[in-house]
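So the structure is just underneath, and the comments pick up after that.
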Amino acid sequence: AARYEAALLELDHLVQEYPNNSRLYEMRGTVLDRLGYTDLAIKSWRQALEFNPGRLGLKKLVEKREQQRSIASEKGKK
């Protein structure tokens, strides 16, 4: 977890320097996802898709995580 947190800090710094780099947002989303921050991961991945909408694999990943999130929230309501 500590390595992911360090990576996240570095990615946040790089995103500030290169705010239009879709790959940085994609990597940031992956790190956030691995740390368990699904909502923030999805947000970061969506930012990556704004800059590079042709990333079909990333689109599918976002859809999958959103579906998992909605299933989990439905289970939490029961």
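The values are calculated or read from the model by the stated rules, or taken from the named source; none is laboratory data. Quick caveat, the model's predicted, so the values are computed rather than measured. Heads up, the Cβs are rebuilt from the backbone with ideal geometry, glycines too, and the neighbour counts pull from every protein chain shown. For accessibility, only protein heavy atoms count, side chains too; no ligands or nucleic acids. Shrake-Rupley method; radii C 1.70, N 1.55, O 1.52, S 1.80 Å.
When segment 28-47 is limited to residues that are open to solvent by 30 Å² or more (accessible area, probe 1.4 Å) and touching a helix residue (DSSP H, G or I) at 6+ places or on another chain (Cβ under 6 Å), the one that is nearest to E66 (Cα to Cα) turns out to be T38.
For segment 1-27, a tally of residues being open to solvent by less than 70 Å² (accessible area, probe 1.4 Å) and without any contact (Cβ under 8 Å) to a residue 12 or more places away in the chain returns 3.
Selection within segment 60-78: residues that are closer than 27 Å to L24 by Cβ and either open to solvent by 80 Å² or more (accessible area, probe 1.4 Å) or aliphatic (A, V, I, L, M) (or both). The member of this set that is modelled with the lowest pLDDT is R69.
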